[in-house]
1. Checking residue 530 against (1) surrounded by fewer than 14 Cβ atoms within 10 Å (Cβ to Cβ); (2) under 20 Å from residue 454 (Cα atoms): exactly one of these is not met. Which one?
2. Going by what's in this entry, would residue 313 be described as in the same structural domain as residue 429 (by TED's automatic domain parsing), touching a residue at least 12 places away in the same chain (Cβ under 8 Å) and out of contact with any helix residue (DSSP H, G or I) (no Cβ under 8 Å at 6 or more places or on another chain)?
3. Do you know which residues across the range 414-429 are without any contact (Cβ under 8 Å) to a residue 60 or more places away in the chain and within 20 Å of residue 468 (Cα to Cα)?
4. Exactly one of (1) over 24 Å from residue 393 (Cβ atoms); (2) in contact (Cβ under 8 Å) with a residue 40 or more places away in the chain is unmet by residue 220. Its number?
5. Is it the case that the range 198-214 has a residue that's surrounded by 24 or more Cβ atoms within 10 Å (Cβ to Cβ), modelled with pLDDT under 95, out of contact with any strand residue (DSSP E or B) (no Cβ under 7 Å at 6 or more places or on another chain) and assigned to a helix (DSSP H, G or I)?
6. Is it the case that residue 218 is touching a helix residue (DSSP H, G or I) at 6+ places or on another chain (Cβ under 8 Å) and surrounded by 24 or more Cβ atoms within 10 Å (Cβ to Cβ)?
7. Out of 290, 284, 279, which single residue is assigned by TED's automatic domain parsing to the domain that holds residue 413, modelled with pLDDT of 95 or more, in contact with a helix residue (DSSP H, G or I) (Cβ under 6 Å, 6 or more places away or on another chain) and surrounded by fewer than 21 Cβ atoms within 10 Å (Cβ to Cβ)?
């Protein structure tokens with residue numbers, strides 16, 4: 001009996017200890033998941049309107065710590081959590097007027113690309129010089145996200161969070177892929193430097209090759225950015241032009257402003273006429289041309305004599321060409337169009353937006369979406385059609401490239417205007433449907449990156465703010481507030497030379513995708529060979 005009693009007592013004492021150990025093990029498994037999500041939030045905080053660009057480095061350093069040495073399956077899950085932490089707050093503006101459903105669906109889909117990046121980074125994390133392969137894998141995931149589904153959604157590219165950062169000059173070297181690669185590489189390199197330093201303190205033995213690779217991963221992007229600074233210039237090459245950017249404001253925020261289209265047109269005409277009066281009074285310099293935002297005339301001026309008269313009156317008042325953002329129906333097609341309006345001859349040229357916004361300007365899977373929620377289909381009653389040609393207006397002798405709103409997120413859409421001869425880029429936009437969200441600041445940061453990427457002055461005329469004038473070095477020299485009527489007038493430099501990024505186009509991105517594929521192939525091959533050797 002004594003023996004039996006002792007056995008029961010020992011068993012009873014062991015059970016609480018085992019249960020406690022099991023709970024600790026479960027909690028330990030949750031730590032990487034929580035850290036992955038929080039590092040994604042840290043990456044979000046590095047984006048505008050905040051100027052904390054440098055937080056992207058510790059965000060990727062922590063993400064590297066979470067992924068290094070894990071299986072691809074673990075990387076997939078941790079990458080998805082990182083993507084949710086980053087994209088849920090970053091894209092919150094997409095649900096401002098349509099509710100949380102579309103916002104959450106968008107984030108759920110876009111985070112899948114981050115999940116795939118996480119799986120790939122975990123796979124290559126055991127290779128020599130792994131930060132290089134891992135950073136290339138990240139850029140490969142961005143390249144995919146910029147193309148599929150529905151022609152892609154590049155919002156949230158790492159490059160777009162670096163408008164205030166030290167790496168910005170690299171945009172002129174190889175565009176957004178090279179700029180983003182440098183930031184991610186530096187972040188992973190930071191983790192590797194810290195990891196090896198701690199390992200060295202513990203074991204007093206670190207391989208020189210590994211240490212050199214870690215230091216180079218961290219230092220080379222910084223050195224490269226410093227070396228690229230001579231490519232960034234705000235000097236005029238083709239003289240200057242005095243440009244006027246008009247922000248007319250809207251009657252109210254939200255989708256209902258479309259029901260007050262005439263008021264929006266009148267507001268922009270009124271602000272232009274107010275500017276004309278100031279020019280006549282000698283208070284403001286006479287502009288060479290005027291830029292209105294996207295949707296400044298949602299009433300088709302080709303079909304509506306009243307709208308045509310309003311625009312004509314404003315053009316005659318200011319006495320120079322105006323680029324008007326209109327919604328036009330032609331040959332049965334609905335077009336988001338920029339119209340070059342001459343004060344004497346009226347409309348003389350047009351540009352039709354080529355990269356139109358899914359679920360905003362056209363509705364993919366219309367029948368399926370309608371079955372889920374008929375209200376969503378009613379918001380996009382008729383799909384817009386795509387333009388097919390670059391848009392470069394000759395305005396008082398200046399070649400002005402048009403990149404309409406959403407197009408600014410796409411590398412090809414901006415580059416095509418520059419290679420077509422644009423000396424200045426205009427990004428007419430409409431953000432009235434997104435209220436006072438961060439969307440306008442995120443889009444402004446994109447335009448700043450584009451200015452450096454192609455070494456062009458960039459103007460951003462917006463219906464309700466923030467409108468801005470950006471120099472070719474990415475600096476904002478003037479900007480408006482939100483939901484106010486205002487105008488910006490400034491003499492700006494005109495440039496025609498092409499940066500390496502403009503000349504190379506898609507080639508740097510292709511090279512980084514090839515590097516990512518090479519790293520993945522090497523890691524998978526090494527794993528297969530290791531398993532075979534173990535079986536032998």
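1. (2)
2. Taking the combined requirement at face value, the residue does not satisfy it.
3. 414, 417, 422, 425, 427
4. (2)
5. Yes; the residues of the range 198-214 include at least one that is surrounded by 24 or more Cβ atoms within 10 Å (Cβ to Cβ), modelled with pLDDT under 95, out of contact with any strand residue (DSSP E or B) (no Cβ under 7 Å at 6 or more places or on another chain) and assigned to a helix (DSSP H, G or I).
6. Here the answer is no, as residue 218 does not meet what is asked.
7. Answer to the selection: 284.
Results for (1) surrounded by fewer than 19 Cβ atoms within 10 Å (Cβ to Cβ); (2) over 20 Å from the mean Cα position of the chain (by Cα); (3) at pLDDT 95 or above; (4) assigned by TED's automatic domain parsing to the domain that holds residue 364, shown as yes or no for each residue.
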site	(1), (2), (3), (4)
56	no, no, yes, no
91	no, no, yes, no
107	no, no, yes, no
115	no, no, yes, no
119	no, yes, yes, no
127	yes, yes, yes, no
132	no, yes, yes, no
146	no, no, yes, no
150	yes, no, no, no
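The values are calculated or read from the model by the stated rules, or taken from the named source; none is laboratory data. What you see is a predicted model, and the numbers here were worked out from it, not measured in a lab. Ideal geometry is used to build each Cβ from the backbone, glycine not excepted, and the neighbour counts take in all protein chains shown.
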